[in-house]
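Engineer: Dumping the structure here so I can ask a few things about it.
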Protein chains: 2
Amino acid sequence: MSRITHPPRDALELTRVLHALSDPVRLEVVRSLAENGEQTCAALDGDRPKSTMSHHFKVLRAAGIVETRGERTSHLNRLRAEDLEARFPGLLQAVLNG
Amino acid sequence: MSRITHPPRDALELTRVLHALSDPVRLEVVRSLAENGEQTCAALDGDRPKSTMSHHFKVLRAAGIVETRGERTSHLNRLRAEDLEARFPGLLQAVLNG
DNA sequence: AAGCTTGTTCGATATTTCTCGAACTAATAG
DNA sequence: CTATTAGTTCGAGAAATATCGAACAAGCTT
């Protein structure tokens, strides 16, 4: 089903990453993933509709910030922390601290 | 004329800063200011209309990224690097390196 | 004063983004 | 097989953003 694609490390673009992180809902998701590790989408909605969250995950994936392992019914999301660190050293940490 | 206002250091918001930095034109401006220090708006347009650039400077100022000293005819812009560093340590550097 | 320069503000249009319900897909549970 | 669950996709409406010409303000120059 899901043509869920993740950009390779080298394809990560700074402006796209910054834009993805500039939304409060998505920033919240990123913070939660950083704190609690892998989580399902359901665990990360803040009582927001599924379609809304799906949209935000799509943006996060397209930016290369989140990887979704969609093997099972409940997909697991994780931060692509290593890839982000490789392309934009210190960025993720600075955002998480802010 | 110009109700040019700059938010105090404590009022800087991460999402606003990230959003301001997520535009290619504004990122270019920020990079140039970081490299070359204070510059006028005119020196920073990339052959783009004045009104367009004025809009982008407004966004950068509102985010607290740029300070415009508008005393004279030709305004001077500078990065608020210290304020950014105080609020979001490492962020500016990470963005500039990326 | 008349004109030029620098930049802001306004108004209009085009594009993007956010939000959410509804229909859909796929896997699992009963 | 039917129902449920998890998440995506579609479509629509609302809000924010980007772009740019035109009008404006203020200082500098002659």
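Rule-based calculations on the coordinates, nothing more; no lab input. In this text, all values refer to a predicted model and were calculated from it rather than measured experimentally. Backbone-built Cβ (ideal geometry, glycine too); neighbour counts: all protein chains shown.
Engineer: Suppose the Debye formula is applied to equal point scatterers at every Cα of the protein assembly as shown; what is log10 I(q)/I(0) at q = 0.11, 0.15, 0.19 Å⁻¹?
Structural biologist: -0.54, -0.90, -1.26
Engineer: Label A:His75 and B:Asp47 with points 7 Å out from Cα along Cα→Cβ: what is the distance between them in nm?
Structural biologist: It is 4.2 nm.
Engineer: For B:Lys50, which lysines qualify as cross-link partners when the Cα separation must be under 20 Å and same-chain residues fewer than eight apart are set aside?
Structural biologist: B:Lys58
Engineer: Find every distance from the label point of B:Pro89 to the corresponding label point in the other copies (7 Å from Cα along Cα→Cβ) and write them in nm, one decimal, shortest first.
Structural biologist: 1.8
Engineer: Counting only helical runs of four or more DSSP H residues, what would the 222 nm mean residue ellipticity of chain B come to if each run contributes -39,500 (n - 2.57) and the total is spread over all its residues?
Structural biologist: Value at 222 nm, helices only: -14500 deg cm²/dmol.
Engineer: Which angle between 0 and 90 degrees, to the nearest 10, do you get for helix A:50-63 versus the longest principal axis of chain A when only C-alpha atoms count?
Structural biologist: With both axes taken from Cα atoms, the answer is about 30 degrees.
Engineer: Amide H neighbours of A:Gln39 under 5 Å, at least 5 residues apart or on other chains, H built in the peptide plane: list them.
Structural biologist: Here the answer is A:Asn77, since their amide H atoms fall under 5 Å of that of A:Gln39.
Engineer: By how many degrees, 0 to 90 and rounded to 10, does the Cα axis of helix A:24-36 deviate from the longest principal axis of chain A?
Structural biologist: Tilt relative to chain A: about 90 degrees.
Engineer: I need the phi-derived Karplus couplings for the range A:10-21: 6.51 cos²θ - 1.76 cosθ + 1.60, θ = phi - 60°, integer Hz, Gly and Pro marked x.
Structural biologist: Rounded to whole hertz, the list is 5, 8, 5, 10, 4, 4, 5, 5, 5, 5, 4, 7.
Engineer: Give me the tail of P(r) for the range A:10-97 as a percent: Cα-Cα pairs with distance above 23 Å.
Structural biologist: Summing the P(r) tail past 23 Å for the range A:10-97 gives 15 percent.
Engineer: While we're on this one: Can you find, among B:Ala11, B:His55, B:Leu91, the residue farthest towards the positive end of the dipole of chain B? Put +1 on the C-beta of Lys and Arg, -1 on that of Asp and Glu.
Structural biologist: About the Cα centre, the residue reaching furthest to the positive side is B:His55.
Engineer: Still on this structure, I have one more. For A:Ala86 and A:Ile4, compute 0.36 nm times the residue count separating them, minus their Cα-Cα distance, and round to one decimal in nm.
Structural biologist: 27.3 nm
Engineer: Also: Sorted from shortest, what are the nm distances separating the label point of A:Pro8 from equivalent points in the other copies, each placed 7 Å from Cα along Cα to C-beta?
Structural biologist: Taking the point 7 Å beyond Cα along Cα→Cβ, the inter-copy spacings are 5.1 nm.
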